[in-house]
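Visitor: Got a structure here, written out as structure tokens. Questions coming.
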Amino acid sequence: MTRTIVISGGTDGMGRAMALARSRRGDEVITLGSNPDKGRDVPHFHRVDLSDVDDTRRVIEAINERWPNVDALLLFANRQAPRRVETKQGLEQTFALYYLSRYLLGKGLRPRLTVNVAGVGVTKGTIHWDDLQLAHGYSMVKAQLQAGRCNDLLGVIQSPGYVLYHPGFTRSGDLTPLPKPLRLAIRIAAKLKGQPIEQAIHPIHDWIDHPPDEPLLAVDRGRKLPLDLPTLRPADARKLAEKTEQLLTSAGTARSR
């Protein structure tokens with residue numbers, strides 16, 4: 001059975017491994033990334049800045065035009081930002097890339113199955129409801145944790161057909177934005193304690209081949225999580241969905257459909 005699969009962050013790490021593996025299995029794979037050099041040897045590469053809302057919407061339109069029925073959407077795209085950076089729409093970059101692009105891709109492509117690779121099961125961090133763009137007191141860790149908590153709620157917002165997946169520490173990811181000493185430390189730690197990419201992506205293959213019956217599945221490092229976790233509160237998910245749409249409108253990026 002040939003499936004149509006869209007992969008964000010598909011030119012590095014786990015995303016790249018999934019793109020190549022599913023293509024070898026005969027699936028129609030659409031790979032999203034920002035670096036054309038890295039996109040040369042992955043299937044159906046689309047260059048896109050997923051931190052740019054307008055560019056994300058452009059690629060959604062392009063995919064829908066050619067592949068109107070998406071079987072699986074795999075969300076990997078993320079990048080650490082040691083300093084606060086604003087996008088063209090005035091949004092904090094980590095929030096825009098790590099959470100908002102995933103919100104838009106899921107809403108715009110309407111896949112049968114979404115696998116959101118983030119940090120479900122992690123309880124650190126919080127959503128700063130009154131300062132989602134972290135204009136005050138920004139830090140890289142704070143931004144990553146907030147976007148991770150938003151992704152937890154995104155699974156609630158966009159279920160059914162949704163898997164939240166925390167693979168654990170994996171030898172994967174683009175470390176180039178980080179300071180050199182930190183890059184070196186992470187690479188050493190990954191070599192000593194990180195799991196191989198093939199091990200981390202194995203469950204994703206299973207979910208694509210045999211979609212879960214549950215409307216929402218949350219898995220943290222091989223352990224199925226209960227859905228009554230504080231990080232998965234339906235009331236918070238409704239609040240986030242409302243604030244996300246308001247944010248898109250206030251940023252001047254919402255368009256009539």
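The values are calculated or read from the model by the stated rules, or taken from the named source; none is laboratory data. Note that the structure is a prediction, hence the values are computed from the model and not measured. Quick reminder, even Gly has a Cβ in these numbers, built from the backbone with ideal geometry, and neighbours come from all protein chains shown.
Visitor: Considering only residues of segment 241-257 that are more than 14 Å from Asp52 (Cα to Cα) and assigned to a loop (DSSP other than H, G, I, E, B), which is modelled with the highest pLDDT?
Guide: Within segment 241-257, the match that is modelled with the highest pLDDT is Arg255.
Visitor: Turning to a different aspect of this structure: Tally up the residues in segment 1-48 that are hydroxyl-bearing (Ser, Thr, Tyr) and touching a Lys or Arg at 6+ places or on another chain (Cβ under 6 Å), please.
Guide: Of the residues in that region, 1 qualify.
Visitor: Is one or more of the residues making up segment 124-147 modelled with pLDDT under 95 and not charged (D, E, K, R)?
Guide: So far as segment 124-147 goes, no, none of its residues is modelled with pLDDT under 95 and not charged (D, E, K, R).
Visitor: Here's another thing I want to ask about it. Looking only at residues in segment 90-111 that are of a type outside the set (A, V, I, L, M) and farther than 21 Å from His46 by Cα, which one is modelled with the lowest pLDDT?
Guide: Checked segment 90-111; the qualifying residue modelled with the lowest pLDDT is Gly90.
Visitor: Kindly list the number of the only condition in (1) farther than 20 Å from Pro68 by Cβ; (2) surrounded by fewer than 24 Cβ atoms within 10 Å (Cβ to Cβ) that fails for Met1.
Guide: Met1 satisfies all of (1) farther than 20 Å from Pro68 by Cβ; (2) surrounded by fewer than 24 Cβ atoms within 10 Å (Cβ to Cβ) except (1).
Visitor: Just give me the residues in segment 1-21 being in a loop (DSSP other than H, G, I, E, B), touching a strand residue (DSSP E or B) at 6+ places or on another chain (Cβ under 7 Å) and farther than 17 Å from Ala77 by Cβ, in sequence order.
Guide: Thr2, Arg3
This table checks each residue for (1) polar (S, T, N, Q); (2) loosely packed, with under 14 Cβ neighbours inside 10 Å.
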residue: Ser51; (1), (2): yes, no
residue: Glu61; (1), (2): no, yes
residue: Val70; (1), (2): no, no
residue: Ala77; (1), (2): no, no
residue: Glu86; (1), (2): no, yes
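Visitor: Is it fair to say Val42 is closer than 16 Å to Gly106 by Cα and surrounded by 16 or more Cβ atoms within 10 Å (Cβ to Cβ)?
Guide: no
Visitor: Being surrounded by fewer than 17 Cβ atoms within 10 Å (Cβ to Cβ), small (Gly, Ala, Ser) and either at positive phi or not in a loop (DSSP other than H, G, I, E, B) (or both) is the requirement here; does Gly148 meet it?
Guide: Against the criterion (surrounded by fewer than 17 Cβ atoms within 10 Å (Cβ to Cβ), small (Gly, Ala, Ser) and either at positive phi or not in a loop (DSSP other than H, G, I, E, B) (or both)), Gly148 does not qualify.
Visitor: Could I ask something else about it? Only one of (1) farther than 19 Å from Arg66 by Cα; (2) of a type in the set (A, V, I, L, M); (3) surrounded by 22 or more Cβ atoms within 10 Å (Cβ to Cβ) is not met by Leu20, so which one is it?
Guide: (3)
Visitor: When you go through (1) under 16 Å from Asn151 (Cα atoms); (2) out of contact with any Cys (no Cβ under 9 Å at 6 or more places or on another chain) one by one for Tyr98, which number turns out not to apply?
Guide: All conditions pass for Tyr98, except number (2).
Visitor: Here's something else I'd like to know. Looking for something farther than 21 Å from Gly148 by Cα, more than 16 Å from the chain's Cα centre (by Cα) and in contact (Cβ under 8 Å) with a residue 60 or more places away in the chain - is there at least one such residue anywhere in segment 35-50?
Guide: No; the residues of segment 35-50 include none that is farther than 21 Å from Gly148 by Cα, more than 16 Å from the chain's Cα centre (by Cα) and in contact (Cβ under 8 Å) with a residue 60 or more places away in the chain.
Visitor: Can you name every residue in segment 233-252 that is closer than 24 Å to Leu91 by Cα and surrounded by 14 or more Cβ atoms within 10 Å (Cβ to Cβ)?
Guide: Asp236, Ala237, Lys239, Leu240, Ala241, Lys243, Thr244, Leu247, Leu248, Ala251
Visitor: Yes or no: Ile7 surrounded by fewer than 24 Cβ atoms within 10 Å (Cβ to Cβ), within 22 Å of Gln93 (Cα to Cα) and β-branched (Val, Ile, Thr)?
Guide: no
Visitor: Applying the selection to segment 109-138, what residues are exposed (fewer than 13 other Cβ atoms within 10 Å of the Cβ) and either under 30 Å from Trp207 (Cα atoms) or of a type in the set (A, V, I, L, M, F, W, C) (or both)?
Guide: Matches in segment 109-138: Thr123, Lys124, Thr126, Trp129, Ala135.
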